[in-house]
Amino acid sequence: MKIYLLLSMIFALCLPAITAKCDVPVAPTARQQPESREIHGINLTDPYAWLRNRESKEVISYLKNENLYTSEIMQDTEELQTWLFEEMKSRIKETDLSVPSRIDSYYYYSRTEKGQQYKIHCRRGIEEGAPEEIIFDENKYAAGKPYFALGALEVSPNHNILAYSIDNTGAEKFELAFLNLVTGETYPDRIASTTYGVEWAEDNKTVFYTLMDDTGRACRIKKHHLGDDVAGNAEVYFEEDGQFWAGIGKTRDRKYLVLGANSSTSSEMRILEANNPDGEFRMFRPRQKGLEYGIVHQNGYFYILTNENAVNFKVMRTRDNELEPEKWQEFIAARDNVLVDDIDAFADFLVISERDNGLQKIRYFDKDGQSRYIPFDEAVYSAEVDENPEFKTSLVRYRYTSLTTPQSIFDFDMATGKAELKKQTEVLGTFDKANYQSERLLARATDGTMVPVSLVYRKDLRKKGPAKTYLTGYGSYGSSFDPYFSSIRLTLLDRGFIYAIAHVRGGQEMGRPWYDNGKLLKKKNTFTDFIACAEHLTEQGYTDRDLLVINGGSAGGLLMGAVANMRPDLFKAVIADVPFVDVINTMLDPSLPLVREEYEEWGNPNEKEYFDYMYSYSPYNNIKAQDYPAMLVTAGLNDPRVSYWEPAKFVARLRTMKTDRNLLLLKTNLDAGHAGASGRYDYIKEIAFEYAFIFKILGVKF
């Protein structure tokens, strides 16, 4: 029997200095040549650079040994993991149906069946008693595959042909194929390595799709005429600038195809009549550094959402034959405290998504230009416009949720002002929202900024004094972390946990300046905001350092790595999912996915000012000889967004440097990518594993 199996129950007594006796995995750097280079006067010695070679048997063996070690350490929680999985699964209505969406003469919907990992996509005619047609069963295409992801599922305008794309590795490279929904025939046309975007022209035979370069950047748009040799597909657009990515869509009224090229801070759109797919795209407005815009079309007008002289964006409009910017007229003026998030056009209404002092609002304009807001009752909630494929309708469908309210789908009639609840996600078992309480707090950051914290707990278990707390955050790309309901989370709340979200800068919860003040040379605000939120929760008696667990994934994993380095004394445990922790080495390698595109998010380290700043917080480069909290770090071998070696290197260096006895585990999914397991049951098992880790560290009895 291996030594680490015998000692798994007493691992906490083993110092890193004697890890060989505990069989803790140690990266065999002595057998490798460390990578060394000098950048801007700094010697970057990377003893674990060898882990980047995924073709190496030694690398795969190392990852497998780390997985084996993690399994052995967590062996005493296997029964607990099973219980957690069964408990979380028991709250889910396994056989369920989505709310149908009408498109022309069909209702489209998806459903799930008990025991099946994936969705079944269906439709039926709008006439009463129309039979169901299964148009795509994900389970059929996922059978026998360790991983399955659906990229595109687009029905042709005449509803006869289905374009679909599949990824079986997690690398987000999809094979595009076509199915005749009338005859059941699968066309021989196959297009490899497409990205997510697929769009039909109105001729029912032409499809536009997107391809990536060697770095994974979506940069080419081609068109395919069904039945033609794919080798002869014409390229309609190529984006040369490595900081821009390309995509294609269609206006809701189906009049225009819209080809977009976007960076993090600039936009450029081209348009083409959707019934003329072999025509030439014409420029809407050329790119200009720092100018962002998006367009929708309604009744002879384009409405433009833009940040030109408007930090929080404004809405302009112009006739569709008068695209010159000087012809644009202001429709909604810029406001200091209100971010215009999005705009949707219907035949007789415009719908505007806004953020007013952090709260999401949905505003609608009628054809006379009068506007109203959809009313919401709770003080802390999330409300987002859902997919609305129909153009000629007065109904706008939106999704509503809060920390205590399961996701609810509403159809709001903009003509009458009446909302109809179409479906609320059913939570099986004993759930009663009246048992739970949500709050919003404000924590003072180091520069005096007040940072919101949303939290929820079970009322009857909220005793006086500190409680076990799960604090999470993200804070990058202007992506807002809005409060939402999770039945899985009840497993924590029903055991006395507080669940909290730190709405740190780098997101966009409080408007565009909230994002701008958490990126580039202000990125550290994201980390210090999170620390301020954690300190506020402890100072106000909600929790204490021995009860506080934190979690973040991807760029949120960068947040976890940074705060673990900066304030390891503040947290009992850290879970970093597919964390972006090797910032300097990754951003210095433009051959890697997303790097050039993200110079506007993190900075270009080839410039000394940005290098010095990034080097000062890059988690991998700032690991110190100090005590760290218990840590669980995850990775995906096929991850195209955060390469598996980032978490692997981070853990390897931590094993060498840290001075504590706390658990440090690396868990790599060898069959998946950035999103982890693809099946809905497998996903719950991953959460059950992470919760078991938390329970183990905090000593929670089940």
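In deg cm²/dmol and to the nearest 500, what is the mean residue ellipticity at 222 nm of the chain if only DSSP H runs of at least 4 residues count, each as -39500 (n - 2.57), divided by the residue total?
Taken over the chain, the calculation gives -5500 deg cm²/dmol.
Gain in length, K459 to S616, computed as 0.36 nm per residue apart minus the alpha-carbon separation, to one decimal in nm?
Extra length available between K459 and S616 comes to 52.3 nm.
Rank the residues I550, I304, I531 as a footprinting-exposure proxy: fewest other Cβ atoms within 10 Å of their Cβ go first.
I531, I304, I550
Determine the gain in length on full extension of the stretch R680-K140; use 0.36 nm per residue of separation and subtract their C-alpha separation, reporting nm with one decimal.
Fully extending the segment from R680 to K140 adds 192.9 nm.
Using the alpha carbons of the stretch 153-287, what is the convex hull volume per residue in cubic angstrom, as a whole number?
Normalising the Cα hull of the stretch 153-287 by residue number yields 115 Å³.
Set the Förster distance to 51 Å, then compute FRET efficiency between Q75 and L442 from the Cβ-Cβ distance, nearest 0.05.
After rounding to 0.05, the efficiency reads 0.75.
Where the only charges are on Cβ atoms (+1 Lys, Arg; -1 Asp, Glu), what is the dipole of the stretch 98-144 about its Cα centre, to the nearest 20 debye?
It comes to approximately 200 debye.
For the stretch 638-690, which chymotrypsin sites (Phe, Trp or Tyr not before Pro) pass both filters: DSSP loop (anything but H, G, I, E, B) and at most 14 other C-beta atoms within 10 Å?
Sparse-neighbourhood loop chymotrypsin sites (Phe, Trp or Tyr not before Pro): none present.
Is there a quick way to get the dipole size of the stretch 292-334? I mean about its Cα centre, with the Cβ of Lys and Arg at +1 and of Asp and Glu at -1; what is the value in debye to the nearest 20?
Charge dipole, the stretch 292-334, about its Cα centre: 160 debye, nearest 20.
Report the net charge of residues surrounding Y477, where surrounding means a beta-carbon distance below 15 angstrom and charges are Lys +1, Arg +1, Asp -1, Glu -1.
-3
Of the DSSP beta bridges with both residues in the chain, give the percent that are antiparallel, rounding to the nearest 5.
In the chain, approximately 85 percent of DSSP beta bridges are antiparallel ones.
In square nanometres, what is the average projected area of the Cα convex hull of the stretch 547-637?
Taking a quarter of the hull surface, the average projection is 6.1 nm².
If you place +1 on the Cβ of every Lys and Arg, -1 on the Cβ of every Asp and Glu, and leave all else neutral, what size is the dipole of the chain about its Cα centre, to the nearest 20 Debye?
Its charge dipole is roughly 2020 debye.
Can you give the convex hull volume per residue for the Cα atoms of the chain, as a whole number of Å³?
169
I want to make sure I understand the PRE zone here: with the label point 7 angstrom from the Cα of D278 toward its beta carbon, which residues in the stretch 177-219 have backbone N atoms less than 12 Å away?
Of the residues in the stretch 177-219, 206 have backbone N under 12 Å from the label point off D278.
What do the square roots of 5 times the Cα gyration tensor eigenvalues come to for the stretch 215-279, in whole Å, largest first, as semi-axes of the equivalent ellipsoid?
21, 18, 8
Beyond 18 Å between alpha-carbons counts as too far, so tell me which of K57/K658; K523/K608; K250/K422; K173/K667; K608/K649 fall in that bin.
Check vs 18 Å cut-off fails for K57/K658; K250/K422; K173/K667; K608/K649.
With label points built 7 Å along Cα→Cβ from the Cα atoms of E378 and W83, find their separation and express it in nm.
It is 2.9 nm.
Find the eigenvalues of the gyration tensor of the Cα atoms of the stretch 98-144, then list the square roots of 5 times those eigenvalues as equivalent ellipsoid semi-axes, largest first, in whole angstrom.
23, 10, 9
Estimate the FRET efficiency between K701 and E535 by the formula 1/(1 + (r/R0)^6), using the beta-carbon distance for r and 30 Å for R0, to the nearest 0.05.
Taking R0 as 30 Å, the efficiency between K701 and E535 is 0.55.
Stretch E330-K114 to full length: gain in nm at 0.36 nm per residue minus the Cα-Cα span?
My answer for the length gained is 72.6 nm.
Between S156, T186, V549, whose Cα lies farthest towards the positive end of the dipole of the chain when Lys and Arg beta carbons carry +1 and Asp and Glu beta carbons carry -1, centred on the Cα centre?
The residue sitting farthest along the positive end of the dipole is V549.
Would you mind calculating the relative contact order of the chain from Cα pairs under 8 angstrom and at least 6 residues apart, reporting the percent as a whole number?
This gives 11 percent for the chain.
If you line up the Cα atoms of the stretch 127-221 on their principal axes, what length do they span on each, largest first, in Å?
Taking max minus min along each principal axis of the Cα atoms, the stretch 127-221 gives 50, 35, 24 Å.
Given the pairs K64/K524; K93/K119; K119/K392, which are separated by over 25 angstrom at their Cα positions?
Correct reply: K64/K524; K119/K392.
Suppose each label sits 7 Å from its Cα in the direction of the beta carbon; what would the N43-K367 distance come out to in nanometres?
Between N43 and K367, the label points sit 7.5 nm apart.
Out of every Cα pair in the stretch 94-174, what percent are spaced more than 20 Å from each other?
Everything past 20 Å amounts to 37 percent.
Which values, in whole Å and largest first, are the semi-axes of the equivalent ellipsoid of the stretch 283-395 obtained as the square root of 5 times each eigenvalue of the Cα gyration tensor?
Ellipsoid half-lengths, sorted descending, are 24, 19, 12 Å.
Using R₀ = 30 Å, calculate the FRET efficiency as 1/(1 + (r/R₀)^6) where r is the Cβ-Cβ separation of Q288 and D320; round to 0.05.
0.90
Report, by chain and number, residues whose modeled amide H sits under 5 Å from the one on N204, excluding near sequence neighbours (fewer than 5 apart, same chain).
none
Along the stretch 174-179, what does the Karplus equation 6.51 cos²θ - 1.76 cosθ + 1.60 (θ = phi - 60°) give for ³J(HN,Hα), rounded to whole Hz, x for Gly and Pro?
So the Karplus estimates, Gly and Pro as x, are 10, 8, 8, 9, 9, 10 Hz.
No lab work stands behind these numbers, since they all come straight from the coordinates. Keep in mind that what you see is a predicted model, and the values were worked out from it rather than measured. Cβ: placed from backbone, ideal geometry, glycine included. Neighbour counts: every protein chain shown.
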